[in-house]
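Written below as structure tokens is the structure these notes are about.
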Amino acid sequence: MTSNSLAIALDWLSSAWDGKGPILVLTGAGISAESGIPTFRGEEGYWRIGSRNYFPQELATRAAFARMPEHIWGWYLYRRGVCRAAAPNAAHLALARLEQELAARGEAERFVLVTQNVDGLHLRAGNTLERTYQIHGNIDFMRSVDDRDTRIFPIPPEIGERWERGKPIGERERALLVCPDGTPARPHVLWFDESYDEERFRFHSTLAAIERAALAIVVGTSGSTNLPSMVVHRALERGIPLLILNRDESTFSAVARGRPAARFLQGRAGEYLPSVVDTVLAQAR
Ligand code: NAD
């Protein structure tokens, strides 16, 4: 984690990428860690419901919602409050600048941002919804418990932005968290026991984007979810330059090792991503 390793990675980027073609950036919870939003596998730890402790991976499931919707809604409303109170950091702002500068050159379509984050911070930083694929949803929205209905709705403002940790929803919230046709709503996220689709989660658009990409940058993800793994493996198979920026070693840093077209840069997103974006913009033509 030295500036020396940053300089080496930037030198590599300048020589490995010819500056042409589309750029795909993939982000995970690590990019929002410096905004104060805990990662799942980080220090947030367990969540207590009744006399039992749960890990986030057990709560972010369809099965848990079916068993205890009041508690799962309460957990999401609490997490939403944490996200609403957070602000985009230097890494989010750098990616917004990347999209905006390419757009100013008339090359907006060269940029795609695929994010696993549900916190909405990329959009608040200035990336556009059109070019940001929120492949795990957005915590500010809800949708019907009936899967056939793919419409999404904002969480009603009457719910408020803050929610007490550990508090389940009650009658009042149950009446507010419904779709316009009266069907109960659920958080608009992709749970660990569910599958991607195009309409809600931009599954095919993401796969098409990595087929087209000439450069891929992966930031702050442990590499433990499906579609991100497919993206990284496809980038490796296609042999396009692939830069992995992560605070810790991860599944992705391991697969990058020994591949001539891939580099692992170990460090914090907020510290290193602005320089990576400067290099990409200087190189892009
Ligand atoms: P993860 O928690 O599995 O991994 C986060 C990775 O980020 C880790 O490898 C860690 O080393 C790295 N990291 C931590 N701080 C960093 C920093 N400052 N700079 C760079 N890297 C840093 O996260 P994931 O891979 O995104 O998977 C978790 C799942 O949970 C996702 O599907 C996501 O939808 C959800 N989630 C979202 C949020 C959010 O929206 N902010 C937060 C937690 C979990």
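Things worth noting here:
- Within the chain, antiparallel bridges make up roughly 35 percent of the DSSP beta bridges whose residues both belong there.
- Projected over every direction and averaged, the convex hull enclosing the alpha-carbon atoms of region 187-247 yields 4.7 nm².
- Whole-percent P(r), region 221-285, all Cα pairs, 5 Å bins from 0: 4, 17, 25, 25, 21, 8, 1.
- With each label modelled as a point 7 angstrom along the Cα→C-beta vector, the Glu211-Arg48 pair spans 5.1 nm.
- Ratio Rg/Rh [Cα only; Rh per Kirkwood] for region 34-133: 1.09
- Highest-first packing order for the peptide set 93-99, 246-252, 22-28 is 22-28, 93-99, 246-252, based on the mean count of other beta carbon atoms within 10 Å.
- CD proxy at 222 nm, helix term only [per DSSP H run n ≥ 4: -39500 (n - 2.57); per residue of the chain; nearest 500]: -12000 deg cm²/dmol
- Across the chain, C-alpha contacts under 8 Å between residues 6 or more apart give a mean separation that, scaled by the residue count, equals a relative contact order of 27 percent.
- Value of relative contact order over region 94-214, rounded to a whole percent, pairs C-alpha under 8 Å and six or more apart: 24 percent
- Solvent-accessible area of the chain (1.4 angstrom probe, protein heavy atoms only): carbon and sulfur portion equals 53 percent.
- Calculated FRET value between Arg257 and His204, using beta carbons and R₀ = 30 Å, to 0.05: 0.50
- Dividing the alpha-carbon radius of gyration of region 43-197 by the rule-of-thumb value 2.2 N^0.38 Å gives 1.13.
- Hull-based mean projected area of region 125-210, where the convex hull spans the alpha carbons, in square nanometres: 7.3 nm²
- Here the simple spin-label model places points 7 Å from the Cα toward Cβ, and for Asp147 and Arg41 these points are separated by 2.6 nm.
- For region 67-98 versus region 207-274, the gap between their alpha-carbon centres in whole angstrom: 23 Å
- Structural descriptor for region 172-285: relative contact order 17 percent, calculated from alpha carbon pairs under 8 angstrom and at least 6 residues apart.
- Debye intensity ratio I(q)/I(0), log10, region 16-73, q values 0.20 Å⁻¹ (C-alpha model): -0.85
- Each eigenvalue of the Cα gyration tensor of region 172-285, multiplied by 5 and square-rooted, gives one semi-axis; in descending order these are 34, 17, 15 Å.
- Full extension of the segment from Arg67 to Ser275, taken as 0.36 nm per residue of separation minus the current Cα-Cα distance, would add 70.2 nm.
- With DNA, RNA and ligands ignored, accessible area of Glu198 (1.4 Å probe; Å², nearest 10): 60 Å²
- Kirkwood Rh in Å, taken over all unlike Cα pairs in the chain: 19.6 Å
- Model label sites at Arg172 and Glu249, defined 7 Å from Cα along the beta-carbon direction, differ in position by 5.1 nm.
- On the beta carbon distance between Ser195 and Ala7, with R0 = 51 Å, the FRET formula returns roughly 0.75.
The values are calculated or read from the model by the stated rules, or taken from the named source; none is laboratory data. All values derive from a computational prediction rather than experimental measurement. Neighbour counts are summed over all protein chains in view; Cβ atoms, including those assigned to glycine, are modelled from backbone coordinates with ideal geometry. What goes into the accessible areas is simple: the full protein's heavy atoms, side chains included, and nothing from ligands, DNA or RNA. Shrake-Rupley method; radii C 1.70, N 1.55, O 1.52, S 1.80 Å.
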